[in-house]
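First the structure, in the form of structure tokens, and then the observations on it.
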Amino acid sequence: MEKYLFVISDIHGDLSLFKSLLNDYDKQSHQLVLIGDLLDRGLNSKECLLLGMELIEEGAVYLRGNHEQLFLDFLKDPENRYSNYLLNGGGETIESMLHKGAIDEYSPTEISLMIQTRYKQLIKCLESLPYYFEWNHYLCVHAGINLLLSSWKETALRDFLWIRGKFHELPNKTSKTIVFGHTPTMYLYKKSEETSLWFSDEKIGIDGGGVYGGSVHGVIFDKAGIVQDIEYKSEYIWEPRF
């Protein structure tokens, strides 16, 4: 087992910030965990996904986020999932994977077929992504777990990807320190410009809301706690375009 845990979340297609965080990644001593949402909303989703796949091959763990799931759901059922995927920032991913203007040129089914034809290895990788990862007493997960269950491992798959309020509010009676993303800390703090890590009852929120003009975090842990919080401010603010 590596000496340190290095966790990154919610990059949302910002390749520059992703690479900046990875400058501190030491393959020899860090277990790197990407806790989902490498894609959508940002302009370089394809490059972020391909880099995520490359990092898996080097020993990183890449967890499934709700946006990876939205992408896969769109590919399987494009006509019914298309409008919701665009609403959640999928247009930027589609144009990143195909070309600018593809949204206007092709039908949802055509877009899905082209992506599936061109990115077979990537899609296979995304379909195999796990929902959580344990390292010592840390539990890494995209959104959270169901804290009402006697065994958190029985959490519904959708909750691993989407859960918010109840997970944030209920007491953590597990033996785990839960590291999660999904909900920008500005919403957890109820302060529109707050991007710092959020702490509550052995729950640590690390999504600084970079895609909304906040920040991205790379957090390094050892067995005792946080060793380093690497934070980069984002200059990008996503607004729906499609």
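The values are calculated or read from the model by the stated rules, or taken from the named source; none is laboratory data. Computed from a prediction, not measured in an experiment: that's the story for all the values here. Ideal geometry is used to build each Cβ from the backbone, glycine not excepted, and the neighbour counts take in all protein chains shown. The protein model used for the area step is the full one, side chains on, heavy atoms only, and it has no ligands, DNA or RNA in it. Shrake-Rupley method; radii C 1.70, N 1.55, O 1.52, S 1.80 Å.
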Query raised in the report: In the range 217-242, which residues are over 27 Å from Tyr138 (Cα atoms), among the charged types (D, E, K, R) and more than 20 Å from the chain's Cα centre (by Cα)?
Result: Arg241
Query raised in the report: Does Glu154 satisfy the condition of being more than 21 Å from Leu43 (Cβ to Cβ), out of contact with any Cys (no Cβ under 9 Å at 6 or more places or on another chain) and among the charged types (D, E, K, R)?
Result: yes
Report task. Just name the residue that is most open to solvent (accessible area, probe 1.4 Å) out of those in the range 77-127 that are farther than 20 Å from Gly36 by Cα and assigned to a loop (DSSP other than H, G, I, E, B). Result -> Lys100
**Report entry** Selected residue (criterion: least open to solvent (accessible area, probe 1.4 Å)) from residues of the range 217-242 that are in a strand (DSSP E or B), hydrophobic (A, V, I, L, M, F, W, C) and farther than 24 Å from Thr174 by Cα
**Finding:** Ile230
Report task. Sort through Gly181, Gly214 and tell me the only one that's closer than 24 Å to Asn136 by Cα, surrounded by 22 or more Cβ atoms within 10 Å (Cβ to Cβ) and not aliphatic (A, V, I, L, M). Result -> Gly181
Report task. Could you please tell me which pairs satisfy a Cβ distance under 8 Å, a separation of 6+ or placement on different chains, a first residue in the range 57-79 that is touching a residue at least 24 places away in the same chain (Cβ under 8 Å) and closer than 20 Å to His142 by Cβ, and a second residue that is among the aromatic types (Phe, Trp, Tyr) and part of a loop (DSSP other than H, G, I, E, B)? Result -> Leu63/Tyr131; Arg64/Tyr131
Report task. Six or more apart or on different chains, Cβ under 6 Å: which pairs go from a residue in the range 181-205 that's hydrophobic (A, V, I, L, M, F, W, C) to one that's at pLDDT below 95 and part of a loop (DSSP other than H, G, I, E, B)? Could you list them? Result -> Met186/Ser192
